[in-house]
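Have a look at the structure below before the remarks.
The values are calculated or read from the model by the stated rules, or taken from the named source; none is laboratory data. Please read these numbers as outputs of a predicted model, since none were measured by experiment. Note: ideal-geometry Cβ built from the backbone for every residue, glycine included; neighbour counts use all protein chains shown. In case anyone asks, the SASA skips ligands and DNA or RNA and just uses the protein heavy atoms, side chains included. Shrake-Rupley method; radii C 1.70, N 1.55, O 1.52, S 1.80 Å.
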Amino acid sequence: MAGHSKWANIKHRKARQDAKRAKIWTKVIREITVAARLGGGSIEDNPRLRLAVDNALTSNMPRDTIERAIERGAGGGEGATVEEVSYEGYGPGGVAIFVETMTDNRNRTVASIRHLFSKHNGNLGTDGSVAYLFDKRGIIQVEHCDDEDALLEIALDSGAEDVENDDEGATTILTLVEDFTSVINALRDAEIQLTSSEIAMIPNTSVPCDEDTTEKVQTLLEAFEDLDDVQNVYSNGEFTFSPDSS
């Protein structure tokens, strides 16, 4: 439970957050709509929808906006033609990149993805070319808990795969996808406040990157995240940052 959390930088996140709310909301609304279309509009009976709504509330989205997205998805109206498509490839330095999208036009999306790979000295691969380098896991974060032993017991008893603390006292809980909901429910039943929760692609092997390669890969990852169709971007880069780059 000690030391820096090795899961802290699994998913690429940009530091610049100022003008991102509209883009974040667009992605969250798309996820809510698709989740409701695939699993129904009941939050209690649809774990994916529950997670999407939690993320929406975390990003300060108004409840009426959330409800409209649920109604749109469950009703099979706008958004019903959106599909989930993943793209795989390699960036600078041989870093594997896995891009999750939601799109209503595959041709447009794949053209944009291929263009960015090519522009940044990478290449778009075939299905399965890098997916085997990642494991899908649930990641749950708790900012602070007064009783770490109790938190550990609750998490492990409800199916958590791993629990770690970082140097600032935050706790990261790793789960199998099938145990994700049960762990979240157990924590909520114990009135433990969650900072975030998500299903993510965790690399099972990493590629060390020097500062130059780190900068190039980070630029590519940010370019992917700026695409409207992109929901999540993952890589297996082990990045190196200069002390003055934070």
>> Being assigned to a helix (DSSP H, G or I), of a type outside the set (D, E, K, R) and within 18 Å of the chain's Cα centre (by Cα) narrows it down to one residue among Y87, Y132; which is it?
In response: Y132
> How many residues does segment 190-217 contain that are closer than 28 Å to D54 by Cβ and either surrounded by 13 or more Cβ atoms within 10 Å (Cβ to Cβ) or in contact with a strand residue (DSSP E or B) (Cβ under 9 Å, 6 or more places away or on another chain) (or both)?
Replying inline: 14
> Which condition breaks for A111 when tested against (1) outside any strand (DSSP E or B); (2) over 30 Å from G73 (Cα atoms)?
Replying inline: (2)
> What residue, among those in segment 75-84 that are of a type outside the set (V, I, T) and more than 16 Å from the chain's Cα centre (by Cα), is least open to solvent (accessible area, probe 1.4 Å)?
Replying inline: G79
>> Name the residue that is most open to solvent (accessible area, probe 1.4 Å), counting only residues in segment 91-129 that are among the basic types (K, R) and more than 13 Å from F224 (Cβ to Cβ).
In response: R106
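I'm checking my understanding of the structure. Among residues of segment 60-74 that are assigned to a helix (DSSP H, G or I) and among the hydrophobic types (A, V, I, L, M, F, W, C), which one is surrounded by the most Cβ atoms within 10 Å (Cβ to Cβ)?
A69
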> Restricting segment 40-59 to residues that are open to solvent by 40 Å² or more (accessible area, probe 1.4 Å) and under 20 Å from V142 (Cβ atoms), which is modelled with the lowest pLDDT?
Replying inline: T58
>> Condition first: of a type in the set (S, T, Y), at pLDDT 95 or above, within 19 Å of V177 (Cα to Cα) and under 22 Å from the mean Cα position of the chain (by Cα). Can you find one or more residues in segment 103-122 that meet it?
In response: no
> Restricting the first residue to segment 171-187 and requiring it to be of a type in the set (G, A, S), which pairs with a second residue that is part of a helix (DSSP H, G or I) meet a Cβ separation below 9 Å and a spacing of at least six or different chains?
Replying inline: A186/I154; A186/A155; A186/D157
> Which of (1) of a type outside the set (V, I, T); (2) outside any helix (DSSP H, G or I); (3) open to solvent by 50 Å² or more (accessible area, probe 1.4 Å); (4) over 18 Å from V85 (Cβ atoms) is the odd one out, the single condition G138 does not satisfy?
Replying inline: (3)
